[in-house]
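The values are calculated or read from the model by the stated rules, or taken from the named source; none is laboratory data. All figures in this text were calculated on a predicted structure; none of them were measured in a lab. A quick note on method: Cβ atoms are made from the backbone with ideal geometry, for glycine too, and the neighbour counts reach across all protein chains shown.
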Amino acid sequence: MKKNTKKIWIAVIVLVAAAVIFGVIYKFAGPKAQQGSKDCTIEVMDDKGEITAYELSTDVEYLRELMDEAAENEDFSYDGEDGDYGLYIETVNGLTADYEKDGAYWAIYVNGEYGQNSADLQPVADGDTYRLAYEASGAE
């Protein structure tokens, strides 16, 4: 029994060490927010492919904060749910994406590239364009 207990403790220590190492790497290599004044654009592409653009001057650091500012000052609105990976955007400008119904979701693009972060973790940089695009796989 002592041999098995020792193996379990070693495994636990290795897992904790790995978690700490990954946390440190993420802290130093993860997305960084840009401080100070910036001019950015939020684009919303609806289910018909029509795009509405919102030009914003801001000093916020993350996309969710930029979306909050747009919602306060523009005819922009959004709703979503906080989950394990950050904000899951469900509705933008009154259009709800229902993944269970038709495979639809709101994708985030940064300067034309598919986003790698949730709105909570996506840093805002001067001159960037953030597109919230309604996408559907058509699965029923």
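Tabulated results
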read-out: Residues of region 17-54 classified as at pLDDT 80 or above and either hydroxyl-bearing (Ser, Thr, Tyr) or not in a strand (DSSP E or B) (or both), total; value: 9
read-out: Scope region 35-74; condition farther than 18 Å from SER118 by Cβ, of a type in the set (Asp, Glu) and without any contact (Cβ under 8 Å) to a residue 40 or more places away in the chain; matching residues; value: GLU50, GLU55, ASP59, GLU72, GLU74
